[in-house]
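Down below is the structure, laid out as structure tokens.
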Amino acid sequence: MKLGAELVESAKEALAIAEGAAEPTAVFEPDQPDVRTIRKAQNLSQGRFAQRYGLPLSTIRDWEQGRRRPERAACLLLRLIEAEPEVVAQVLSTRR
């Protein structure tokens, strides 16, 4: 199948999914990160971790105590923090 035909077919599939006429064939769900382990690897308190990455302290507590689970976008952010904490902190500090 040529690229143009693939794009048209993909757009039709996306429309059917958006209209509820079809289910997505695959959905990427990131693994749930261990927030406490990520935070402790940086030797940060919950408060300092929350402040450094612009997250509510109550959210950090809820994640660590299992009252809530990070949503998909938060999981991705936490994976970035885990892999490159200094880069994420630098990017976030320049955006404020």
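The values are calculated or read from the model by the stated rules, or taken from the named source; none is laboratory data. Source: prediction; values computed, not measured. Glycine also receives a Cβ, built like all others from the backbone with ideal geometry; neighbour counts cover every protein chain displayed.
Name every residue in the stretch 56-76 that is hydrophobic (A, V, I, L, M, F, W, C) and either touching a Cys at 6+ places or on another chain (Cβ under 6 Å) or at pLDDT 95 or above (or both), in order of residue number.
Residues satisfying the conditions are 57, 60, 63.
Quick check on the stretch 26-38. Is at least one of its residues in contact (Cβ under 8 Å) with a residue 12 or more places away in the chain and of a type in the set (Ser, Thr, Tyr)?
No; the residues of the stretch 26-38 include none that is in contact (Cβ under 8 Å) with a residue 12 or more places away in the chain and of a type in the set (Ser, Thr, Tyr).
Just the residues that are among the aromatic types (Phe, Trp, Tyr) and surrounded by 10 or more Cβ atoms within 10 Å (Cβ to Cβ), please, taken from the stretch 1-53.
Residues satisfying the conditions are 49, 53.
Whether any residue in the stretch 54-73 is assigned to a loop (DSSP other than H, G, I, E, B), surrounded by 14 or more Cβ atoms within 10 Å (Cβ to Cβ) and in contact (Cβ under 8 Å) with a residue 40 or more places away in the chain is what I want to check. Explain how you work it out, then say what you get.
As a first pass, look at the stretch 54-73 and keep what is assigned to a loop (DSSP other than H, G, I, E, B): 54-56, 65-71.
Filter once more, keeping what is surrounded by 14 or more Cβ atoms within 10 Å (Cβ to Cβ): 55, 70.
Filter once more, keeping what is in contact (Cβ under 8 Å) with a residue 40 or more places away in the chain: none.
For the stretch 54-73, residues assigned to a loop (DSSP other than H, G, I, E, B), surrounded by 14 or more Cβ atoms within 10 Å (Cβ to Cβ) and in contact (Cβ under 8 Å) with a residue 40 or more places away in the chain: absent.
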